[in-house]
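This report concerns only the one structure given below.
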Amino acid sequence: MHITQFTDIGLRVLMYLTQHQRESLITIAELAEQFQLSHNHLIKVVNQMVKLGWVEATRGRNGGLKLGIAPHQLHLGMIIRSLENEKQLIDCDKAACALDGNCRLKGILAQGLTQFHQWLDQYTLADMVRDPTQTVLVQMHQRWVTG
């Protein structure tokens, strides 16, 4: 199982926003440069996270982004469930299957995915940005400001 690029970008953005301790807001341009990501992809991801209330966006010349929720309130499993479009690991309805109605695979995979998300829910965004991650994020912010 892999998380989508959309979710990967969302996690990076959230992690970066946790270390925002300067007067100016974080811009899409800054995020794109810091993580070498597509501006268009970032806009899609950020818009979704704004709708979810995780990120606050301010428009205008001095606009930008900041976290809209405390890092300890965002659980990793919840983040992944919310950003991933797939709600199941296997879709038995996509193609004809000789085992249709007599297979336990879908139920077992669904249970595994539920347990996976529950495991991840033990960790919050605050947990993800503890050192050494925090040190690197702070350095990234400092390079951007002094850059």
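Descriptive notes on the structure:
- Bridging of LYS106 to lysines at a Cα separation below 26 Å is possible for LYS87, LYS94, once same-chain residues fewer than 8 apart are set aside.
- Dipole magnitude (debye, nearest 20) for region 5-146, charges at Cβ of Lys, Arg, Asp, Glu: 260
- log₁₀ of I(q)/I(0) at q = 0.13 Å⁻¹ - the chain, Debye sum with one point per alpha carbon: -0.65
- Over 16 Å [Cα-Cα, region 108-147], rounded percent: 56
- The helix-only estimate of mean residue ellipticity at 222 nm for the chain, built from DSSP H runs of length n ≥ 4 each weighted as -39500 (n - 2.57), is -16000 deg cm²/dmol after division by the residue total.
- Along the chain, the exposed loop sites are GluC sites (Glu not before Pro) outside DSSP states H, G, I, E and B with at most 11 other Cβ atoms within 10 Å, and the longest stretch free of them is 24-85.
Every read-out reported here was derived from the displayed coordinates using simple, explicitly stated rules and does not represent laboratory data. None of these values were measured; they are calculated from a predicted model. Methodologically, a virtual Cβ is constructed for each residue, glycine included, from the backbone with ideal geometry; neighbour enumeration extends over all protein chains shown.
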